[in-house]
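Below is one structure, written out as structure tokens; comments come after it.
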Amino acid sequence: MEERLQKLMAQAGLGSRRDCEELISSGRVIVNGKRAELGQKADPSIDRILVDGVPLKAPEAYQYIALYKPRNVLTTVEAPDPRQTVRDLVPVQGTLYPVGRLDVDSEGLVLLTNDGDLANRLTHPRYAHEKEYKVLVARRPDDEQLDTWRRGVVLEDGHRTLPAQVIFLSAFGQGAWLKVILREGRKRQIREVGSLIGLPVVRIIRTRISTLLLGRLKPGEWRPLTPDEVSELKGKPLPQSPARRPNPRYNRQGKPPSTQSGRGMRTPTVRGSYQRSSASTGVNRKPQSRNSDSHSSNRKPRKPSSKT
């Protein structure tokens, strides 16, 4: 069956559709001995498709990984220097590439997959998917600064940012934590906006991509997405079923994170007055009867009846 070349290439794990379009435009894709063109269709069962002289591989099974990217880790598959990449943190066989970008000095949720259709859906501007961040700024913002950020700010390159949701969460030292929800993803946008309106950004943590949440992941941990999470990202309706817990978390060695016995557990507190049990004191207490001598000795004698 014929499909567009960029879709076939994405299914083979060569990147998102947009990445594959760039490969086609640069003349690196050959179909039946001729240079491919954007929009061209092909049937991999009939046509001979070469990318950089290598035959196109059969489509891989789709994988979907949620990762907490730590700071100073590159959001790419291959690094131009010895620094770690997000791919280094996920010891899973097969092709995986990050969807979208997250600056090297930012942290939080990154989605890795080999599903080019989903990557295109999450990154193409026409879908305007939300991305949510916790942002620590060095100063306490006033209402005017927050309103300016919400309306949109003209960046140094002349681009005016789209309206954003900006919510004050809490004070932190001389600064504050904010929640920022964007529908666009320009490079270093949050840091540049903060600088322009007088709110230097200290820390950025991405907590959500569309419907996918960072959840309980810690820096360097990752987990496979559940089928329901994948369906939600693709915009498919979910069947009515009981809520499912996320898949188990793994560290960069591919093992579940170590836990300590009793960690995070609280001892239930009984409110109100209570008595210690005899078992806890080591003393056996004999209950006193209402008719015991201690009670009867304090009673006044009953007057004799006047009736005969």
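The values are calculated or read from the model by the stated rules, or taken from the named source; none is laboratory data. Being a predicted model, the structure only gives us computed values, none of them experimental. Note that we place each Cβ from the backbone using ideal geometry, even for glycine, and neighbour counts take in every protein chain shown.
Being in contact with a strand residue (DSSP E or B) (Cβ under 9 Å, 6 or more places away or on another chain), touching a residue at least 60 places away in the same chain (Cβ under 8 Å) and either buried (at least 19 other Cβ atoms within 10 Å of the Cβ) or under 22 Å from residue 66 (Cα atoms) (or both) is true of residue 131.
Inspect segment 177-190 for any residue being over 21 Å from residue 104 (Cβ atoms), touching a residue at least 24 places away in the same chain (Cβ under 8 Å) and among the aromatic types (Phe, Trp, Tyr) and give the result as yes or no. Checking segment 177-190: at least one residue is over 21 Å from residue 104 (Cβ atoms), touching a residue at least 24 places away in the same chain (Cβ under 8 Å) and among the aromatic types (Phe, Trp, Tyr).
Considering segment 98-122, the residues that are of a type outside the set (D, E, K, R) and over 20 Å from residue 208 (Cβ atoms) include one that is modelled with the lowest pLDDT, namely 116.
Each residue in segment 64-86 was checked for being free of Cβ contacts under 8 Å to residues at least 60 places away in the same chain, assigned to a loop (DSSP other than H, G, I, E, B) and not basic (Lys, Arg), and 11 of them qualify. Would you be able to say whether some residue in segment 172-193 is surrounded by fewer than 16 Cβ atoms within 10 Å (Cβ to Cβ), aliphatic (A, V, I, L, M) and under 29 Å from residue 86 (Cα atoms)? Yes, segment 172-193 contains a residue that is surrounded by fewer than 16 Cβ atoms within 10 Å (Cβ to Cβ), aliphatic (A, V, I, L, M) and under 29 Å from residue 86 (Cα atoms). For the criterion of being assigned by TED's automatic domain parsing to the domain that holds residue 219, buried (at least 20 other Cβ atoms within 10 Å of the Cβ), touching a strand residue (DSSP E or B) at 6+ places or on another chain (Cβ under 6 Å) and closer than 25 Å to residue 221 by Cα, residue 116 fails. Here is the figure for segment 39-63: residues that are of a type outside the set (A, V, I, L, M), in a loop (DSSP other than H, G, I, E, B) and over 24 Å from residue 93 (Cα atoms) total 6.
From the list 73, 51, the one residue that fits, being outside the structural domain of residue 218 (by TED's automatic domain parsing) and buried (at least 17 other Cβ atoms within 10 Å of the Cβ), is 51. If you check residue 89 against the conditions, is it touching a residue at least 40 places away in the same chain (Cβ under 8 Å) and either surrounded by 14 or more Cβ atoms within 10 Å (Cβ to Cβ) or among the polar types (S, T, N, Q) (or both)? The answer is yes for residue 89. All conditions in (1) in the same structural domain as residue 221 (by TED's automatic domain parsing); (2) modelled with pLDDT of 95 or more; (3) in contact with an Asp or Glu (Cβ under 7 Å, 6 or more places away or on another chain) hold for residue 181, with the sole exception of (1). Contact map, segment 45-59: residues that are in contact (Cβ under 8 Å) with a residue 24 or more places away in the chain paired with residues that are basic (Lys, Arg) and surrounded by 10 or more Cβ atoms within 10 Å (Cβ to Cβ), Cβ distance under 8 Å, separation 6+ or inter-chain. Pairs shown: 51/28; 52/28. In segment 180-221, of all residues being out of contact with any strand residue (DSSP E or B) (no Cβ under 8 Å at 6 or more places or on another chain) and β-branched (Val, Ile, Thr), the one that is farthest from residue 159 (Cα to Cα) corresponds to 211.
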